[in-house]
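Accompanying notes for the structure given below.
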Amino acid sequence: MDGDSVRGTSVIGSTGLTKEMPIRGRGMAGQWPLQTFLELGALPGAVPCARLHVRQMLWEWKLAGLSENVELLVSELLTNAVRSSQSLEPVSPVRLWLLADKAHALILVWDASPRPPARIDANENAESGRGLLLVEAVSDQWDWYLPLPEMGGKVIWALVAAQ
């Protein structure tokens, strides 16, 4: 799937605003005027590379105020995607879309594993396992879906509204 073939359908976020979400079935041209796409190898450097890209794009789009939350969400979602992709044979790349308007940023991360995201009961001494809790706390809304069958894998998305 290339960056231009994302499809959309409407959802209502916790802000009450209806936005086009990249889901199979309907085009979304013009619904998110600001868009960027990255395909990265499932390597340790993918996460910092994506964070830097997101920071720069938000700055260029004059949405730097969203940067801290969006970068944290990208880190958590992409780290999970890299781990999922590394567990597959063959290892596949991961994909990141960042879509925005002047009030919202939408992060989408794809990996080749169809397994749904799962919360891990992490105790206070655990060094990992809190990613989805952070995603819930930082985003206004998040979810996941299985894309078109020919694409495979899953997409996890998170929406952030400007304060």
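The values are calculated or read from the model by the stated rules, or taken from the named source; none is laboratory data. Quick caveat, the model's predicted, so the values are computed rather than measured. Please note: Cβ atoms are built from the backbone with ideal geometry, for glycine as well, and neighbour counts cover all protein chains shown.
Evaluating residue 85 against the criteria (1) under 14 Å from the mean Cα position of the chain (by Cα); (2) under 18 Å from residue 151 (Cβ atoms); (3) part of a helix (DSSP H, G or I) leaves one unmet condition, (1).
From the list 73, 98, 88, which one is farther than 19 Å from residue 48 by Cα and aliphatic (A, V, I, L, M)?
Matching residue, one of 73, 98, 88: 88.
Within segment 39-71, work out how many residues are touching a residue at least 60 places away in the same chain (Cβ under 8 Å) and more than 19 Å from residue 155 (Cβ to Cβ). The total comes to 4. Just so you know, in segment 20-55 the residues that are modelled with pLDDT of 95 or more and of a type in the set (Gly, Ala, Ser) include one that is surrounded by the fewest Cβ atoms within 10 Å (Cβ to Cβ), and it is 45.
Regarding residue 99, is this residue out of contact with any helix residue (DSSP H, G or I) (no Cβ under 6 Å at 6 or more places or on another chain), crowded, with 23+ Cβ neighbours inside 10 Å, of a type outside the set (Gly, Ala, Ser) and outside any strand (DSSP E or B)? Spelling it out, it is not the case that residue 99 is out of contact with any helix residue (DSSP H, G or I) (no Cβ under 6 Å at 6 or more places or on another chain), crowded, with 23+ Cβ neighbours inside 10 Å, of a type outside the set (Gly, Ala, Ser) and outside any strand (DSSP E or B).
Does residue 66 satisfy the condition of being in contact with a Leu (Cβ under 6 Å, 6 or more places away or on another chain), at pLDDT 95 or above and under 22 Å from residue 144 (Cα atoms)? Against the criterion (in contact with a Leu (Cβ under 6 Å, 6 or more places away or on another chain), at pLDDT 95 or above and under 22 Å from residue 144 (Cα atoms)), residue 66 qualifies. Residues considered: 152, 131. Of these, the only one that is on the phi > 0 side of the Ramachandran plot and either of a type in the set (A, V, I, L, M) or at pLDDT below 95 (or both) is 152.
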